[in-house]
Amino acid sequence: MGAKNTRKTAQGTFLILAIIIIVTILWMTGKRSANITDLSSTAFEEMVTHDDITNVVIIQNKQVPTGKVIIQIKSGNATKEYHYYTSDVNKAQKTLDAAQVKYSLQDVPKDSVFMNVFFPVILSVGMVLFLMMFLNRGAAGGSKAMSFGKSRAVMSDGKSGKITFNDVAGLKEEKEELWEVVDFLKNPIKYRELGARIPKGILLVGPPGTGKTLLAKAVAGEAGVPFFSISGSDFVELFVGVGASRVRDLFQDAKGHSPCIVFIDEIDAVARRRGTGMGGGHDEREQTLNQLLVEMDGFGVNEGIIMIAATNRVDILDPAILRPGRFDRKVIVGSPDVGEREEILKVHAKNKAIGDDVDLHSLASATSGFSGADLENLLNEGALLAARHNRKFMIEADIKEAFVKVGIGTEKRSRIITPKEREITAYHEAGHAILFHLLENVGPVYSVSIIPTGMAGGYTMPLPENNGMYKSKSEMLDDITVSFGGRVAESLIFDEITTGASGDIKQATNEARAMITKYGMSEVLGPINYDDDSDDVFIGKDLMKTNRGYGDGIADEIDKEVHDIINSCYKKAHELIVANMEVLHKTAKLLLEKEKITREEFEALF
C-alpha cells in the first residue's frame, strides 16, 4: 500500500507539473500576440508617416498579390509591432515609397502555419510524454528526485557471493554468540517450543577495523536469509520527517522478506542521546531515532526481523535503544591478540604471493595493537611494494618497509637535511633506543632510523613482547621515561634543546595527567576520578557546563602531581643515558653511517 500511495502521489505531482508547463507555453504565446496590433488600411496609411519607425518588412506571396506588412515602432525603451494584411502588396509598396519609408521584401515562409499553429501543440504533447516517461522510470528505478522518504538500504539475498564464519579469522567467542542467531533463523521451531525469545537486536561494539561489519555479513551468509544493510547517516536528511519515513519504509521492506537481518552500520549517527542537540528535541535526527525505537519494540509486530548494528561510540547512544527488547545483547569486538592476528594474516595471505622468508608468526608478534583492517592494509602495502620493485612475490624486506609505512608513514629520502640536523636526529633517536632497551616494561627496539618519515625527522620503533589487557603504573612510568630520551640526549651532547621533542613532551604530559585524573594512581589524591569527560561537549551534553567538579585546591594538587611524575621520569632518563654515554655515541655514529639499523645491529652495541 505504501508503494502504491507513493506512486500515486508522484503521478499527481507530475500531472500538476505538466499542466503548469502547458499553461506557461500558452501564456508566453498569448503574451507575444498581445504585443502585436493589426492595422486597417486607413491606420496603415497614417502609420507610415510616423517618425519613429525603426523597421518595415513586407512578407509577400509571389503566387498571389497578397501579403503582410510588419512595421516596428520604437516607443520609449520598448519596440511595438504592427501588422497590416493586404490583398494588394503593390499598393502597399507605393504607399511606403510615397512616404519615403525604406522596407525589405521577404517571401512567405512555407512552414509559417506549422510554426504558428502546430508547433506549440506538438511541444506541449512532447513535454507531457517526456514527463510520463520520467515518471515511469522513477517508479521503476527509484528516482532520487521522488524518493526522499524511501529507504536506501541495499538488500542481498544471502546466497550469492556470501560470506561465512570461515571468512572471519579470530573472534571465536564473538562468533559463538552470533551463532545462536544463525541457528534461530534456520530452526526457529526449536526455540519457540522452549519458549525462548531470540534477541531482537545485537549491538557490535569495538574500535574501527576490528571486523564488526564482516561479522554481520557472515551471520547473513551462514543463515542464508536476506540481508538489508544501511548506514546510520543514510537516514538523516535536510528535510524534517524524511528520516522517520525511511525507517518506516526499511521495516516495511524487511517484513516482506522475513525472516531477515537488518544491519545498520555506524548507528551512532542516528541513535545519539536525545536532548543533546542544539535544536532542542524537535530536530530531524531525534524524530528518526523515535521512529526507530517504535519499530524495534513498539506496538507494531516485527517478528523474524533481527537487528544488528555496529558502533565504536556506545557511550553516546541513547539509553532507550540499549535496553532489552531492542538491543538485547552487546558483542564486544576488540583488537585481536597475537594468535588471532596470525589467523587474520593467513586469511589475507591466501590470495597473495609471499616468499618463504616471510614469517607470519613473527609478523603477528610485531603488530601488537593492529586491527584486522590494519593487517590487511599491511599485506596489501607489501604487495604494492613488491610490484613496484618488479618482483613476482613479497619478501621480508617488503613487509618491513610496509610495516614502517603503515605504522609511521612514508619515508622521505628526498627531503634535504643539513648535517647538523642529521646529527641532532641521530642522537635524539639513539636516546630513545637506549631507554627502550634498558627499561623492562617497554621495547625491545625493532628498528631505528634517521630517515624523515611522515611528519617526523626519524623514528625509533619498539617491538612489544606482550599484548596485555591492562597497563600497570610502572609501564606507564616507563613510557613517560622513554619519551624524554631524545630531549635528554640532545641536552647532554649539544648543550642545547630543539623543538624536535615537542610531540614526546605532549605525549608524556597527557599520560601523566591521565594517571592522576583518570586512573587514580596518585598516592596523595587517592583513587578518585577527576577526569572532566570533555568528549560530551561534542554531542551537546553539558555544553554550558562551567563547574569542573573539583575546586582550585585539587586542581593545584593535580598540577603538582603531574609535575612530580614528569620530573621523576626525566631524572631517571637522564641517569640512564649518562650511564650509557658510550653506547649513545656508538648508536648515533652507526645511524649517521647507515641511516637505519635493525634490532640485532643495535643490541650488538651493548
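Of note:
- For the range 218-245, the tally of residues that are closer than 20 Å to Ile163 by Cα and under 20 Å from the mean Cα position of the chain (by Cα) stands at 4.
- Looking only at residues of the range 448-500 that are free of Cβ contacts under 8 Å to residues at least 12 places away in the same chain and part of a helix (DSSP H, G or I), we find that the one that is nearest to Ile516 (Cα to Cα) is Thr499.
- Filtered by the rule that a residue be closer than 18 Å to Thr425 by Cα and either open to solvent by less than 60 Å² (accessible area, probe 1.4 Å) or free of Cβ contacts under 8 Å to residues at least 12 places away in the same chain (or both), the range 565-579 gives Ala573, Ile577.
- The listed residues are Ala456, Ala489, and the only one of them that is under 17 Å from Lys405 (Cβ atoms) and open to solvent by less than 50 Å² (accessible area, probe 1.4 Å) turns out to be Ala456.
- For Gly211, the test of being over 14 Å from Ala310 (Cβ atoms), in contact with a Gly (Cβ under 6 Å, 6 or more places away or on another chain) and open to solvent by 10 Å² or more (accessible area, probe 1.4 Å) is failed.
- Being surrounded by 14 or more Cβ atoms within 10 Å (Cβ to Cβ), touching a helix residue (DSSP H, G or I) at 6+ places or on another chain (Cβ under 7 Å), touching a residue at least 40 places away in the same chain (Cβ under 8 Å) and of a type in the set (Asp, Glu) holds for only one residue in Asp337, Asp374, and it is Asp374.
- Some residue of the range 143-150 being buried (at least 17 other Cβ atoms within 10 Å of the Cβ), assigned to a helix (DSSP H, G or I) and modelled with pLDDT under 75: yes
- In the set (1) assigned to a helix (DSSP H, G or I); (2) out of contact with any helix residue (DSSP H, G or I) (no Cβ under 8 Å at 6 or more places or on another chain); (3) at pLDDT 70 or above, the condition left unmet by Ser124 is number (2).
- In the range 401-455, the residues that are of a type in the set (Phe, Trp, Tyr) and in contact with a Leu (Cβ under 8 Å, 6 or more places away or on another chain): Phe403, Tyr427, Tyr446
- Residue within the range 191-203 that is surrounded by 21 or more Cβ atoms within 10 Å (Cβ to Cβ) and in a helix (DSSP H, G or I) present: no
- Within the range 164-176, residues that are aliphatic (A, V, I, L, M) sit with their Cβ atoms under 8 Å from residues that are assigned to a helix (DSSP H, G or I) and open to solvent by less than 30 Å² (accessible area, probe 1.4 Å), at 6+ positions apart or across chains, in these pairs: Val168/Leu215; Val168/Ala218; Ala169/Ile344; Ala169/Gly372; Leu171/Leu215.
- A count restricted to the range 356-371 and to residues that are in a helix (DSSP H, G or I) and buried (at least 18 other Cβ atoms within 10 Å of the Cβ) stands at 4.
- Flag for Val225 being within 23 Å of Leu322 (Cβ to Cβ), in contact (Cβ under 8 Å) with a residue 12 or more places away in the chain and either touching a helix residue (DSSP H, G or I) at 6+ places or on another chain (Cβ under 6 Å) or assigned to a loop (DSSP other than H, G, I, E, B) (or both): no
- Unmet criterion (only one of (1) at pLDDT 85 or above; (2) closer than 30 Å to Arg272 by Cα; (3) open to solvent by less than 40 Å² (accessible area, probe 1.4 Å)) for Asn312: (3)
- Scanning the range 428-439 for residues that are assigned to a helix (DSSP H, G or I) and hydrophobic (A, V, I, L, M, F, W, C) yields Ala430, Ala433, Ile434, Leu435, Phe436, Leu438.
- Residue that is farthest from Leu492 (Cα to Cα) [pool: residues in the range 385-427 that are open to solvent by 70 Å² or more (accessible area, probe 1.4 Å) and not in a loop (DSSP other than H, G, I, E, B)]: Arg388
- Residues that are of a type in the set (Asp, Glu) and surrounded by 12 or more Cβ atoms within 10 Å (Cβ to Cβ) were ranked within the range 580-604; the one that is nearest to Val524 (Cα to Cα) is Glu603.
- Test: residue in the range 356-366 that is touching a residue at least 40 places away in the same chain (Cβ under 8 Å) and farther than 30 Å from Ser472 by Cα: yes
The values are calculated or read from the model by the stated rules, or taken from the named source; none is laboratory data. Bear in mind that the values here come from a model prediction, so they are computed numbers and not experimental data. Note that we place each Cβ from the backbone using ideal geometry, even for glycine, and neighbour counts take in every protein chain shown. For accessibility, only protein heavy atoms count, side chains too; no ligands or nucleic acids. Shrake-Rupley method; radii C 1.70, N 1.55, O 1.52, S 1.80 Å.
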